[in-house]
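Visitor: Structure incoming, see below.
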Amino acid sequence: MVTYKLPHKEFNEALKSGKLMGFKCNSCGAYTCPPKINCNECASMDMEVVEFKGRAEIKSYTIIRVSPEGFESEVPYIVALAQLEEGPNLVGNLVGVDPDKVTDEIIGIKVKIGWKPAPPEVKYCGPIGKDGKIKPEMVAITFSLM
Amino acid sequence: MRKVCVAGVGMTKFGKSEKSSIEMFAEAAMEAIIGSNIKPSDIQCLYLGNVFGDFEEGQALMAPYAAREIGLSVGTPSLRFEGACASASMAIRDAFVAVAGGFYDVVLAGGTERELAMGTPLATRTFNMATEQYYEGMTGLTFPGVFAILSRLYSKKYGIPLSKLKERMAMVAVKNHKNGAKNPLAQFRKEITVEEVLSGPMIAEPLQLLDCCPFTDGAAAIIITTEEKAKKMVEKPVYILGVGQGSGAPLYRQKDFTLIESRVAAAKTAYAMAGIEPKDIDVAEVHDCFTTAEIVATECLGFFDFGTASEAVEKGETQIGGRIPINPSGGLKSKGHPIGATGAAQAYEIVKQVRGEFVERGTQVEGAKIGLTDTLGGDSGVICNIIYGIKG
Ligand SMILES: [Zn+2]
C-alpha cells in the first residue's frame, strides 16, 4: 500500500498555522511544492516532508477585473505567479497592494507566503459539503510584501 | 498502422443557439455523414467532445443519447471526451488511433457545447474548472488571467516592452476578425481595428475584451475512416498524416510557461509521425483563445523562433498570403469557441482548406496541401496537434 505523505488537507492545515510545507527529495535534492506523490524533478518517492522558508519572488501577475461567479465581491484583485526560494512556483493572490496602483515594478519583489479564506459565495472549488458549500479547508495562497 | 482519412465534415453556425447540445451535434454529424455518402448505421463508434453539458443543461451521459439521436445502431459504442477546450481534438485523435490500429473502419468524431446561456460569471466559473482547483482555484484565477500572466512573462523574457507586445497582440485579433468576417459560420463577422482592441474594457490586465475569444454555442463533426473506404466515399479524401498529444501540469508547476512544454512535445510527435517539419505546413488553425496564446503557440509549433512570433504578426507573415497563414477561419477569436466542439471545427476548416474549397469565400490559402490543427485544453493540460494532408 502507498500512502500520500502530505495530502492537501494537511498542507492547508499547516499553511493556516503559518507553515509552508513541501518535500525535499533524497534522490536528487530538488524541492516539490505544492505536494505531490513523488518528486517533481525525478519522480522518486524517497522524499522528506520539510518546512519551506515561505519566501518567494514575484515573476508575473494580472489584475482580474472580470471574475468567476463567487468572486465578484473581490474585484479587482491580483493573481500572481511567484518562485519560492527553494525553486518551485506558486500561484497566489498578491494582498496588501492596491490593484489600481500596482505596476510592473512589482516583478522581482520578495514576498512572504500566507493564506486567505475563500469568498463565501464560491461554489465548485474542491469538494462540496452537505450544506452545498465548499469545505472550509479550501483557502487561497497569498503573497504579501516583506 | 493503416492509413487513415477524413471523408465528410460538418459544423453548425457558431454563435447563439436555442438548440440543445445534442440537437446541434445532430446537425453537424448528419452533414458529415451525408457528405461521406454513408448511412448512420455504417458508423462503428462515436467519440464526442463535451465539457459543460452537466452544468449548462444538467445533462450527463450525452454520448449515447447523441448516438441514438442520429440513428447509430444499438450496438455502437459511444464515448464522451473531456479535455477542456481540446475535447474534440482528443476525440479525433482517438478515432485516428482506433482506425489506424485496425479496430474500427468508420468512426464519427466531433463535439458540441453551449456556453452563451450561462452568462459571463457562471461561464467564467465553469471554464475555470479546468484550472487546478486545490492549490490554485481559490485565488479566483481566470483563463484570461492565465494568459495575462503569460503575456507579462513573455514581455519580460524577450525584452519586448508590454506596450509594443500589446499592439502586436491586437494585430492578432485584427487579423483573425478580418478572416472571420468572410466566414459565414463565424460568430463575429466584423472587422476590428488595433485602436478598438486597445481601447476595450480591461478583463485581466493586460488582456482587454478583444484580446479574448467569446463564449459560443456550436457543434462540429468529422468522419474518420480507412484510406480504402474514404476513396469510395468521397472524391478528395484527406489523410491524417500525424497526431500528437501531451499532458501538462498545473500552472504552478510550469517552469517556464512561455515554452508550453506539452505543446512542444505534442507537435514533435505529430511532425515525426508525418515525417515532415514545421516549414512543410501550408496553413494552420491554432488555439487563439487569447491573442498572446496564438503568438506563443506559433513558436511552440516551430513556425517561428522563440521570442519572434509577435514581430512576424506585425510583418503580416501569419496573414492569408503570408509565410504561414494562421487561423483563416477567423480562429476561436472571431469564429467562436464552443469548447467541446472547437477541435472539430478546426478540422473542418483545414480539411476544406486542403481540398481547396474556400476560393469563393476569399479565404483560400493558395496551393495548401498540408495543414495543422493545434488545440489547447486548460492552461496547457491538454495539447493536441493533428496534421492533415491531401495527395497531389
Ligand atoms: Zn528528485
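Bear in mind that the values in this text are calculations on the coordinates, not laboratory data. Please read these numbers as outputs of a predicted model, since none were measured by experiment. Using ideal geometry, Cβ is built from the backbone for each residue, glycine included, and neighbour counts are taken over all protein chains shown.
Visitor: Taking chain B as a Gaussian network, Cα atoms linked when under 10 Å apart, which of B:120, B:318, B:375 shows the biggest mean-square fluctuation?
Guide: B:120
Visitor: Considering only A:133, A:24, A:59, give the residue with the highest GNM mean-square fluctuation for chain A, with springs between Cα atoms whenever their separation is below 10 Å.
Guide: Result for chain A, Cα springs under 10 Å: A:133 fluctuates most.
Visitor: Just want the ordering: A:97, B:197, from fewest to most Cβ atoms lying within 10 Å of their own Cβ. Write down the numbers at each step before the final one.
Guide: Numbers: A:97 19, B:197 22.
Result, fewest neighbours first: A:97, B:197.
Visitor: Between B:339, B:224, B:160, find the one with the highest GNM mean-square fluctuation for chain B; connect C-alpha pairs within less than 10 Å.
Guide: For chain B, modelled as a Gaussian network with Cα springs under 10 Å, the answer is B:160.
Visitor: Out of residues 5 or more away from residue B:241 or on other chains, whose amide H comes under 5 Å of its own, with H placed 1.01 Å from N in the peptide plane?
Guide: B:387, B:388, B:389
Visitor: Could you work out the local net charge near residue B:15, counting Lys and Arg as +1, Asp and Glu as -1, over the other residues with Cβ closer than 14 Å to its Cβ?
Guide: Numbers: positive: B:13, B:16, B:19, B:114, B:189, B:190, B:333, B:335; negative: B:18, B:27, B:113, B:115, B:217.
Result for the neighbourhood of residue B:15: +3.
Visitor: For A:55-65, what's the mean count of beta carbons from other chains sitting within 10 Å of each residue's beta carbon?
Guide: Working: counts 0, 0, 0, 0, 6, 12, 5, 16, 7, 12, 10.
Whole-number average of other-chain Cβ neighbours for A:55-65 is 6.
Visitor: Apply the a/c threshold of 1.5 to the C-alpha gyration tensor of chain A and tell me whether it is rounded, prolate or oblate. It would help to have the intermediate numbers written out before the result.
Guide: Numbers: a/c = 2.38, a/b = 1.25, b/c = 1.90.
Verdict is oblate for chain A.
Visitor: Assuming R0 = 30 Å, what is the FRET efficiency of residue B:79 and residue A:5, from their Cβ-Cβ distance, to the nearest 0.05? Could the numbers behind the result be given before it?
Guide: Working: r = 35 Å, r/R0 = 1.17.
Working from the Cβ atoms, E equals 0.30.
Visitor: Find the lysine pairs in segment A:55-145 meeting two conditions, Cα atoms under 14 Å apart and a separation of 8 or more places or different chains, and report how many there are.
Guide: On the way: A:59/A:110; A:59/A:112; A:116/A:135; A:123/A:133; A:123/A:135.
Count of close lysine pairs: 5.
Visitor: How large is ³J(HN,Hα) for each residue in segment B:300-313, as worked out from phi by the Karplus curve 6.51 cos²θ - 1.76 cosθ + 1.60 (θ = phi - 60°), to whole Hz, x for Gly and Pro?
Guide: So the J values, rounded to whole Hz, are 4, 7, x, 6, 9, 5, 4, x, 10, 5, 5, 5, 4, 4.
Visitor: I've got another one for you. Classify segment B:283-392: rounded, prolate or oblate, from the alpha-carbon gyration tensor (a ≥ b ≥ c, eigenvalue square roots; a/c under 1.5 rounded; otherwise prolate if a/b is larger than b/c)? Display every interim value, and only then the final one.
Guide: Details: a/c = 1.57, a/b = 1.17, b/c = 1.35.
Oblate.
Visitor: Next question, about the same structure. Going by amide H atoms built from the backbone, whose H comes under 5 Å of the H on residue A:143, apart from near neighbours?
Guide: A:93, A:94, A:95, A:114
Visitor: In debye, nearest 20, what is the charge dipole magnitude of segment A:55-145 about its Cα centre with +1 on Lys and Arg Cβ and -1 on Asp and Glu Cβ, if you could check? Present the calculation step by step, with values, prior to reporting the outcome.
Guide: On the way: 11 positive and 13 negative charges, 52 e Å.
So the magnitude is around 240 debye.
Visitor: Need one number: % antiparallel among DSSP beta bridges in the protein assembly as shown, to the nearest 5.
Guide: Numbers: 69 of 86 bridges.
Taking every DSSP beta bridge within the protein assembly as shown, about 80 percent pair in antiparallel fashion.
Visitor: Charges at C-beta only: +1 for Lys and Arg, -1 for Asp and Glu. How large is the resulting dipole of the protein assembly as shown about its Cα centre, in Debye rounded to 20? Provide the component values of the computation, followed by the final result.
Guide: Working: 58 positive and 64 negative charges, 88 e Å.
Roughly 420 debye for the protein assembly as shown.
Visitor: Just grab the label-to-label distance for residue A:26 and residue B:60, each label 7 Å out from Cα along the Cβ direction, in nm (one decimal).
Guide: Label-label distance for residue A:26 and residue B:60, simple model: 4.1 nm.
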